[in-house]
């Protein structure tokens, strides 16, 4: 090992292809230090990235990326990959406005052939790349990396089943950082893995296959089973073999002397799908992250020496905490309330619920489809399931929402966290579409909380409603700081509220844009434009009576929501048209998220870019009234 920083000599993976084994080990140490240093400044995902440092360096050392395709599942572990692929000079812009994405992103680099921020997609995508290669007559490798959590999802099973029945050459690396399915890893395991993946063994295996090629089917099956059984006795992986993959492993993912030869052997194989089982440790090489993998999965900025993360004193509890506490309070009074989450107990507040009611909280893993239908089964047998899933993740279970819940009119309660724009995680985690995709379903009641008191009431409303499915959405981050009633009462279904009365302009808000609507109303009043602000509370059923009153008594009607085109504003326009309210000269404008995916930034800047802040509301009203000169003067 030399004292000269090797990382300073590396711009792209081609620079490390000829490195010696000792140089590769030194480079891995330097990359780990670089990741820790960068994330201490930017915040972000730490533990998973530290766990794959050696694996990342080894892959880029052995394979000819970007011609060989490297596909990361989820992508939150890709910081070491970004450092090695021409983005080191920007690594401290991770998750910031105008900076690097916290996930893989096709538009960012040719070394990111497939973008990912949701899980369990890498094997399916890899098969697509492998088949495209075969159809084109090319000879590059396709490597898909997937974690032990992600591989439990149904999509991964579907992909393995399809890929295993195909002759396309594809390499899947199972990154097992919880030892969830692994036998003990050690020298013997590494030796066996190297042997099984070697050319000599593969030649022997091929000769044996040729020998029984024309034999009767029973004999062929017996020979195949004998080989699988023999290797399974010593190595495990029989299940993967049954799916059609050659299983190699487990391999110590931090032992480069063991890992690199296996990768080289697999690289040189000529046919069929291969799965390499690599065992790693989350947070490897950084003591605080090794000791507390959960707290260092996603981190704020932190002190590298102590590991202490930056602390901010919240002005108010988060909406997630308000939801969790509200559900706990309701569950103390109703023992038929159960909580369900899909591998996000901490993020959804279900961890707190489970601490109080361990027998009534179910984490089903990365399996949103199963979560929804599991909830439907509970509801069908008289329980009150709350399915707490981020809006963006609920998209993965939408078919089940339609067929297993809505069509059967089952009282499943969908708590949709992370509604609207979410800041540093960017467009993949934004809750942009649930108003449209849930609001179009018959039997659905749909609510959005403008503040924490109303969120508590919406939880109570969902508990009380037993005659069909209910969804309610709420934002990420701090709530408003208002008091929450001790015993929140259910809301009257389909009824909004007037927040302030005016006479010329009406702003009809759905969700947490209500605060910006109130600020806009103050500015409009200062310009002599008397403004009413109403909180819809419900997108479905819509408070048509309130909507028509606003339309009748005002010259301008603005609807605003933290969702895509086709949601709340569209529902309002439909009702207005049906009642002839658009034939009166009313100036109606809808304010939605724009028809683009908005990259990561602070939430405030993202909403300004989206045109959904107080200034944008004022500008929209001025434009509707033909007051562009006033608007321009205000902007100046």
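The values are calculated or read from the model by the stated rules, or taken from the named source; none is laboratory data. For clarity, every value in this text was computed on a predicted model and none was experimentally measured. Cβ atoms come from the backbone with ideal geometry, glycine included; neighbour counts cover every protein chain shown.
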- Message: I'd like to verify a number: residues in region 339-369 that are in contact with a strand residue (DSSP E or B) (Cβ under 7 Å, 6 or more places away or on another chain) and over 27 Å from residue 74 (Cα atoms), how many?
- Response: 1
- Looking for whichever is over 18 Å from the mean Cα position of the chain (by Cα) and not assigned by TED's automatic domain parsing to the domain that holds residue 348 here; the options are 481, 468. Which one fits? 481
- Some residue of region 416-434 being surrounded by fewer than 24 Cβ atoms within 10 Å (Cβ to Cβ), outside any strand (DSSP E or B), modelled with pLDDT of 95 or more and not assigned by TED's automatic domain parsing to the domain that holds residue 607: yes
- Note on the structure: Over region 286-309, the set of residues in contact (Cβ under 8 Å) with a residue 40 or more places away in the chain and under 17 Å from residue 41 (Cα atoms) is 286, 289, 296, 297, 298, 299, 300, 301, 302, 303, 304
- Could you tell me whether residue 446 is more than 25 Å from residue 154 (Cβ to Cβ) and either at pLDDT 95 or above or in the same structural domain as residue 107 (by TED's automatic domain parsing) (or both)? yes
- Query: (1) under 23 Å from residue 149 (Cβ atoms); (2) touching a residue at least 12 places away in the same chain (Cβ under 8 Å); (3) surrounded by fewer than 23 Cβ atoms within 10 Å (Cβ to Cβ): which one isn't true of residue 98, the others all being true?
  - Reply: (1)
- Which of the residues that make up region 451-475 are farther than 18 Å from residue 438 by Cβ and part of a loop (DSSP other than H, G, I, E, B)? 451, 466
- Item | Hey, residue 284 in the same structural domain as residue 56 (by TED's automatic domain parsing) and either over 20 Å from residue 153 (Cβ atoms) or part of a helix (DSSP H, G or I) (or both) or not | yes
- Do we have residue 408 as within 13 Å of the chain's Cα centre (by Cα), modelled with pLDDT of 95 or more, surrounded by fewer than 22 Cβ atoms within 10 Å (Cβ to Cβ) and not assigned by TED's automatic domain parsing to the domain that holds residue 512 here? no
- Query: Among the candidates 614, 536, which residue alone is buried (at least 21 other Cβ atoms within 10 Å of the Cβ), outside the structural domain of residue 422 (by TED's automatic domain parsing), more than 24 Å from the chain's Cα centre (by Cα) and in contact (Cβ under 8 Å) with a residue 40 or more places away in the chain?
  - Reply: 536
- Filter region 142-167 down to the residues that are assigned to a loop (DSSP other than H, G, I, E, B) and surrounded by fewer than 24 Cβ atoms within 10 Å (Cβ to Cβ), then identify the one that is nearest to the chain's Cα centre (by Cα). 149
- Say whether the condition of being surrounded by fewer than 18 Cβ atoms within 10 Å (Cβ to Cβ), in contact with a helix residue (DSSP H, G or I) (Cβ under 8 Å, 6 or more places away or on another chain), farther than 30 Å from residue 115 by Cβ and free of Cβ contacts under 8 Å to residues at least 24 places away in the same chain is met by at least one residue in region 565-578. yes
- With the condition kept exactly as written, say whether any residue in region 588-608 is in a helix (DSSP H, G or I) and surrounded by 21 or more Cβ atoms within 10 Å (Cβ to Cβ). yes
- Query: Does residue 59 count as in the same structural domain as residue 119 (by TED's automatic domain parsing), closer than 25 Å to residue 178 by Cα and in contact (Cβ under 8 Å) with a residue 12 or more places away in the chain?
  - Reply: yes
- Pick from 148, 136: which is in the same structural domain as residue 10 (by TED's automatic domain parsing) and modelled with pLDDT of 90 or more? 136
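Tally up the residues in region 127-179 that are on the phi > 0 side of the Ramachandran plot and touching a strand residue (DSSP E or B) at 6+ places or on another chain (Cβ under 7 Å), please.
Of the residues in region 127-179, 1 are on the phi > 0 side of the Ramachandran plot and touching a strand residue (DSSP E or B) at 6+ places or on another chain (Cβ under 7 Å).
Does region 310-338 hold any residues that are under 24 Å from residue 43 (Cβ atoms) and touching a strand residue (DSSP E or B) at 6+ places or on another chain (Cβ under 7 Å), and which are they?
Answer for region 310-338, where residues must be under 24 Å from residue 43 (Cβ atoms) and touching a strand residue (DSSP E or B) at 6+ places or on another chain (Cβ under 7 Å): 310, 314, 315, 316, 318, 319, 320, 323.
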- Query: If you go through region 101-113 one residue at a time, how many are under 15 Å from the mean Cα position of the chain (by Cα) and either on the phi > 0 side of the Ramachandran plot or free of Cβ contacts under 8 Å to residues at least 60 places away in the same chain (or both)?
  - Reply: 2
- Task: State which residue is modelled with the highest pLDDT when the search covers only region 48-102 and only residues that are under 22 Å from residue 279 (Cα atoms) and in a loop (DSSP other than H, G, I, E, B).
- Result: 63
- Residue tally, condition more than 27 Å from residue 372 (Cα to Cα) and either out of contact with any strand residue (DSSP E or B) (no Cβ under 9 Å at 6 or more places or on another chain) or surrounded by 21 or more Cβ atoms within 10 Å (Cβ to Cβ) (or both), over region 454-478: 0
- Failed item in (1) surrounded by fewer than 18 Cβ atoms within 10 Å (Cβ to Cβ); (2) outside the structural domain of residue 44 (by TED's automatic domain parsing), with residue 294 passing the rest: (2)
